[in-house]
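The values are calculated or read from the model by the stated rules, or taken from the named source; none is laboratory data. The shown structure was predicted, so the numbers you read here are calculated from the model rather than taken from an experiment. We place every Cβ from the backbone using ideal geometry, glycine too, and count neighbours over all the protein chains shown. What goes into the accessible areas is simple: the full protein's heavy atoms, side chains included, and nothing from ligands, DNA or RNA. Shrake-Rupley method; radii C 1.70, N 1.55, O 1.52, S 1.80 Å.
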Amino acid sequence: MENEREPLVVLLAGYEDRMHSFSASNPDMGSRIAQHIDFPDYTQDELVEIGDLMLEREGYALSPAAREAFVQYVGLRMTQPRFANARSVRNALERARLRQANRLVNTSPGRLLTKSDLVTIEADDITRSRVFQGEG
């Protein structure tokens, strides 16, 4: 690689603490990496907005109560281990959609569902997350 420095670019990406551990595992690593760029984590408001965009792209929406629950969810999740910014938001919304589908199947036998029923995530779909377990 030393002989091909000009045409070669290597990117290493990861969370700051893990990248420090990776770099520390090889003492010469620091001298071989010329640039370090740290990107700040998203804020709670930014993550909620990202969630809104993800849902909109998939044709879903949060009810007003679900939006309040989602804001609270994001705040709680940010303090927990293995939080992964927008990936955690995406995973949470996927699980909320699964809970919504289960709710509709289990609570609506024989009832015709409206489009609104099918595309609206309710507060219970959010608050049934393990993130809320043990709180208050």
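Remarks
- When all protein chains stay in place and ligands, DNA and RNA are ignored, the 1.4 Å accessible-area order of Phe39, Phe83, Phe22, largest first, is Phe39, Phe22, Phe83.
- Peptide packing for 75-82, 57-64 was compared via the average number of neighbouring C-beta atoms within 10 Å per residue; ordered from the highest value, the list is 57-64, 75-82.
- Shape descriptor for the stretch 56-136: Rg over Rh equals 0.99 (Cα atoms; Rh from the Kirkwood inverse mean 1/r).
- Rounded to the nearest whole angstrom, the semi-axes of the ellipsoid equivalent to the stretch 16-93, taken from the Cα gyration tensor as √(5λ), stand at 34, 13, 9, largest first.
- Shape parameters for the chain, alpha-carbon atoms, Rg then Dmax in Å: 20.9, 71
- Modelled label positions at Asp28 and Thr43, each set 7 Å beyond Cα in the direction of Cβ, lie 4.5 nm from each other.
- For the chain, the solvent-accessible area works out to 74 Å² per residue, with a probe of 1.4 Å and every protein chain left in place.
- Computed over protein heavy atoms with a 1.4 Å probe, the carbon and sulfur contribution to the accessible area of the stretch 1-125 reaches 53%.
- By accessible area with a 1.4 Å probe, ligands and nucleic acids excluded, highest first: order of Leu93, Leu98, Leu11: Leu11, Leu98, Leu93
- Counted charge near Ala24, where neighbours are those whose Cβ lies closer than 14 Å (Asp, Glu -1; Lys, Arg +1): -1
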